[in-house]
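Since the structure comes first, as structure tokens, the remarks are kept for the end.
The values are calculated or read from the model by the stated rules, or taken from the named source; none is laboratory data. Computed from a predicted structure; not experimentally measured. Glycine also receives a Cβ, built like all others from the backbone with ideal geometry; neighbour counts cover every protein chain displayed. These accessible areas exclude ligands, DNA and RNA; they are computed on the full protein's heavy atoms, side chains included. Shrake-Rupley method; radii C 1.70, N 1.55, O 1.52, S 1.80 Å.
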Amino acid sequence: MKLGLIGCGNIGKFLLQAINNDGLLPGGRIVAIYARREEIAAQLAEEFRTQPYNDVDELLKSDVDLVIEAATIEAAEEYALKVLKSGKDLLLSSIGVMANSAFEEQSNQICKLNNVNILLPSGAIGGLDVLKSAKAVNGLESVCITTRKPPNALPAGSSVTEETVLFEGSAAEAIKQFPRNINVAIVLSMAGLGSEKTKVKIIADPNVLKNNHLIEASGSFGKLKLEVENDPMPNNPKTSYLAALSVLATLQNKEKSVQIG
Ligand SMILES: NC(=O)C1=CN([C@@H]2O[C@H](COP(=O)(O)OP(=O)(O)OC[C@H]3O[C@@H](n4cnc5c(N)ncnc54)[C@H](O)[C@@H]3O)[C@@H](O)[C@H]2O)C=CC1
Ligand SMILES: O=C([O-])CC(=O)C(=O)O
């Protein structure tokens, strides 16, 4: 599998190290990268033996099979449809882009037309398998996520000195207000009840060191309660290490003939 990468921050660099240097995706390699700053792309290309591009359109003319977006929701908005139109599969990290229903619909149509797929990793959370099963008979009744992070992992920053609820409302509203912090709520919405009915609470808590997500759901299947205590990425405390791992795992699973879950 030949991979292209858009966005070379935390998740991007993790993937370059894991795939190109550590060989953790047998048969796969990141052969093309795009970063906004030319000098960054050039430096990373040398370190991870790959091809730098200064323009996404040029990258899409190369023979990559799948493009990984690891940038921002804005970048996903700008490039995702181009990727799909060029006949490449797409893996999104900035899943919040899918909260825009017109965008979701358009991307679905292009996928069908061009016979390509979009991969949405579970990111910094889990439990999506349970929601999908519950939904098979429309038996899902409620889904909520409570995200508790140290203040430096949220826009509130160090001004927060005691436990503070920053947001309470729908996933649709949460991603509008916290586009860099709550992509997980949108993948949860897509697996479950949609972004209007999925409830979100975001708490800045100076007493925690990890990014904590509590997922609670109920329905005809019974009840789900799942809590992850994620170590942050060393270079970007906003992002959980599990989010980067889940991108790699999604790529590893893509080639498997036995699909689990
Ligand atoms: N699905 C999930 O569970 C999670 C998703 N995320 C999302 O994944 C994305 C990547 O996360 P990180 O690597 O931690 O972020 P990061 O901030 O460390 O890296 C993002 C990189 O993208 C670059 N970038 C920004 N706009 C760009 C553009 N238009 N074209 C190319 N590059 C551009 C930035 O310069 C930066 O180097 C973010 O949108 C983040 O919110 C993060 C954590 C969990
Ligand atoms: O990494 C995390 O804990 C979650 C996150 O930032 C996001 O969903 O955008």
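Couple of notes before you dig in:
- Theoretical gain in end-to-end length, A102 to A156 [0.36 nm per residue, Cα-Cα removed]: 16.4 nm
- For the chain, the solvent-accessible area of protein heavy atoms averages 49 Å² per residue (probe radius 1.4 Å; ligands and nucleic acids excluded).
- Available extension along the chain between Q43 and E163 is 39.1 nm, counting 0.36 nm per residue and deducting the alpha carbon span.
- Just the protein heavy atoms count here, and of the accessible area of segment 165-261 at 1.4 Å, carbon and sulfur take up 50 percent.
- In Å², nearest 10: area of D63 left accessible to a 1.4 Å probe: 90
- Taking Cα atoms only, the orientation of helix 241-254 departs from the longest principal axis of the chain by about 60 degrees.
- The label point for N235 and the one for D129, both projected 7 Å from the Cα toward the Cβ, are 3.2 nm apart.
- Heavy-atom accessible area order for K82, K112, largest first, 1.4 Å probe: K112, K82
- ³J(HN,Hα), Karplus 6.51/-1.76/1.60, whole Hz, each residue of segment 225-237, x for Gly, Pro: 9, 9, 10, 10, 10, 8, 5, x, 5, x, 9, 8, x
- Mean residue ellipticity, 222 nm, helices only, the chain: the sum of -39500 (n - 2.57) across DSSP H runs of n ≥ 4, divided by residue count and rounded to 500, is -9500 deg cm²/dmol.
- Principal-axis tilt of helix 38-47 within the chain, Cα atoms, nearest 10 degrees: 80
- Among the listed pairs K2/K176; K85/K254; K88/K210; K135/K210; K2/K210; K82/K176, those beyond 29 Å (Cα-Cα): K2/K176; K88/K210; K135/K210; K2/K210
- Note on segment 96-195: Kirkwood radius taken over Cα pairs, Stokes-Einstein applied at 37 °C and 0.692 mPa s, translational D equal to 216 µm² s⁻¹.
- Residue by residue, segment 164-170 carries 3J(HN,Hα) couplings of 9, 7, 8, 7, 8, x, 7 Hz when phi is fed to the Karplus relation 6.51 cos²θ - 1.76 cosθ + 1.60 (θ = phi - 60°); x denotes Gly or Pro.
- Förster radius 45 Å - calculated FRET efficiency between K201 and E58 (Cβ-Cβ, nearest 0.05): 0.55
- Per atom type, segment 5-95 shows carbon and sulfur on 46% of its accessible surface, probed at 1.4 Å.
- Rounded to 10°, Cα long-axis angle of helix 101-114 versus longest principal axis of the chain: 40
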